[in-house]
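One structure is given here, and the rest of the page talks about it.
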Amino acid sequence: MTSIEQYKGCFLGLAMGDAFAAPFEGGPIERLLWRAIGHTSTGERRFTDDTQMAIDLTKSFLHNHRIDQDHLAQQFAQSYRWSRGYGPSTSNLLKRIKKGNCWREINKKKFKGGSFGNGAAMRAPILALCFPQDTQRLLESTIRSAEITHAHPLGIEGAKLIALVTQKALAKSPNETVLKEMLHLCESETFVDKTMYCQSALRQATLEPRTIRIHLGNGIAATDSCVTAIYFALKFRDLDFDIMLGQIIKLGGDTDTIGAMAGAIWGAFNGSATLEPKISKLERGQDIISYAEQLFQHQSL
């Protein structure tokens, strides 16, 4: 039976993976910017768009008891602040929605077929908290959430993989089962190949960062980050959160989003016991616990 501690661990793992890895994301310019704006006025680590959109998804779901795309699009748009580190494509989209444009008419304007970044995947763990046992509704809702900002099939596929693995983590499924379910879900050759590589890599010693970058990736595309995050979460599921996050930081690249996705899965496996003592260092830590509790209460109804 999934516990409230797993719910809190999942949401806190997402937020802490995001906020604590954000200072190491990208190149020198990004790191300098986050050094300047990466703390609140009272000294907590600020989270990025990864956690903000997870909060938005939570609030919209609790309001509607389902994924209402129009409501969710408005929730995303109203919460948008440039200082959260949104990508250029998502920033432009949300600003236009806020001005009255319909998301359905503009979500494929910048990229033909839609964005295949990892922005839908970074919030996908929340959908596992909404649908911890119903895999069909989980996947349908993941598609609905993703389409607003990341409509490309690869962006959606990455989000579905993260949502599914988080659901399996809540069930404490063994790694072999998780990987089997992933392969069953994969539609593209890229994700099949990376999942199979992940399967092999988990049998070996921890991979060197350069090897991970070559074979799994560390970029902002869903194909270069989702299986990477899953690898870390499965490899370190029985080890300390900080050890896992340290390895993600060493990897470099899109550290905040890889940290958020891996952190959420790790937290779903392990619960919140070792994470809650750190919430004083996290922006709105108590609010995040409250959102997790509300999601748990909702699925218990």
Being out of contact with any Phe, Trp or Tyr (no Cβ under 6 Å at 6 or more places or on another chain), part of a helix (DSSP H, G or I) and buried (at least 20 other Cβ atoms within 10 Å of the Cβ) is the requirement here; does ILE265 meet it? yes
Among the residues of segment 21-36, how many are touching a helix residue (DSSP H, G or I) at 6+ places or on another chain (Cβ under 8 Å) and more than 13 Å from ASP256 (Cβ to Cβ)? 1
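Listed here are the residues, each with its yes/no results for (1) assigned to a loop (DSSP other than H, G, I, E, B); (2) among the β-branched types (Val, Ile, Thr); (3) surrounded by fewer than 24 Cβ atoms within 10 Å (Cβ to Cβ).
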{"position": "LYS110", "(1), (2), (3)": "yes, no, yes"}
{"position": "SER115", "(1), (2), (3)": "yes, no, no"}
{"position": "GLY119", "(1), (2), (3)": "yes, no, no"}
{"position": "ILE126", "(1), (2), (3)": "no, yes, no"}
{"position": "LEU129", "(1), (2), (3)": "no, no, no"}
{"position": "GLN133", "(1), (2), (3)": "yes, no, yes"}
{"position": "ARG137", "(1), (2), (3)": "no, no, yes"}
{"position": "SER145", "(1), (2), (3)": "no, no, no"}
Kindly establish whether PHE296 is of a type outside the set (S, T, N, Q), over 21 Å from ALA201 (Cα atoms), assigned to a helix (DSSP H, G or I) and at pLDDT 95 or above. yes
Might you check whether a residue that is at pLDDT 90 or above, of a type in the set (S, T, N, Q) and in a loop (DSSP other than H, G, I, E, B) occurs anywhere in segment 1-17? yes
What residue, of GLY219, GLY253, GLY246, is in contact with a Gly (Cβ under 8 Å, 6 or more places away or on another chain), within 30 Å of GLU30 (Cα to Cα), open to solvent by 10 Å² or more (accessible area, probe 1.4 Å) and without any contact (Cβ under 8 Å) to a residue 40 or more places away in the chain? GLY219
Only one of (1) part of a helix (DSSP H, G or I); (2) touching a residue at least 12 places away in the same chain (Cβ under 8 Å); (3) open to solvent by 40 Å² or more (accessible area, probe 1.4 Å) is not met by ARG31, so which one is it? (2)
Among residues of segment 80-95 being surrounded by fewer than 17 Cβ atoms within 10 Å (Cβ to Cβ) and part of a helix (DSSP H, G or I), the residue modelled with the lowest pLDDT is PRO88
What single numbered condition from (1) assigned to a helix (DSSP H, G or I); (2) touching a helix residue (DSSP H, G or I) at 6+ places or on another chain (Cβ under 9 Å); (3) polar (S, T, N, Q) fails to hold for SER200? (2)
Members of segment 166-178 that are in contact (Cβ under 8 Å) with a residue 24 or more places away in the chain and assigned to a helix (DSSP H, G or I): THR166, GLN167, ALA169, LEU170, ASN175, VAL178
Kindly indicate whether ILE258 is among the hydrophobic types (A, V, I, L, M, F, W, C), at pLDDT 95 or above, over 17 Å from the mean Cα position of the chain (by Cα) and open to solvent by less than 10 Å² (accessible area, probe 1.4 Å). no
When VAL192 is run through (1) more than 30 Å from SER41 (Cβ to Cβ); (2) free of Cβ contacts under 8 Å to residues at least 24 places away in the same chain; (3) part of a helix (DSSP H, G or I); (4) open to solvent by 60 Å² or more (accessible area, probe 1.4 Å), the failure sits at (4)
Which numbered condition trips up ILE67, out of (1) within 25 Å of SER141 (Cβ to Cβ); (2) part of a helix (DSSP H, G or I); (3) open to solvent by less than 80 Å² (accessible area, probe 1.4 Å)? (2)
Just one of (1) surrounded by fewer than 16 Cβ atoms within 10 Å (Cβ to Cβ); (2) under 17 Å from the mean Cα position of the chain (by Cα); (3) acidic (Asp, Glu) trips up ASP238, so point out which. (2)
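The values are calculated or read from the model by the stated rules, or taken from the named source; none is laboratory data. On a predicted model such as this, the values are computed, not experimentally measured, just so you know. Positions of Cβ are generated from backbone atoms using ideal geometry, with glycine treated the same way; all protein chains shown enter the neighbour counts. The area values use the complete protein model at the heavy-atom level, side chains included, leaving out ligands, DNA and RNA. Shrake-Rupley method; radii C 1.70, N 1.55, O 1.52, S 1.80 Å.
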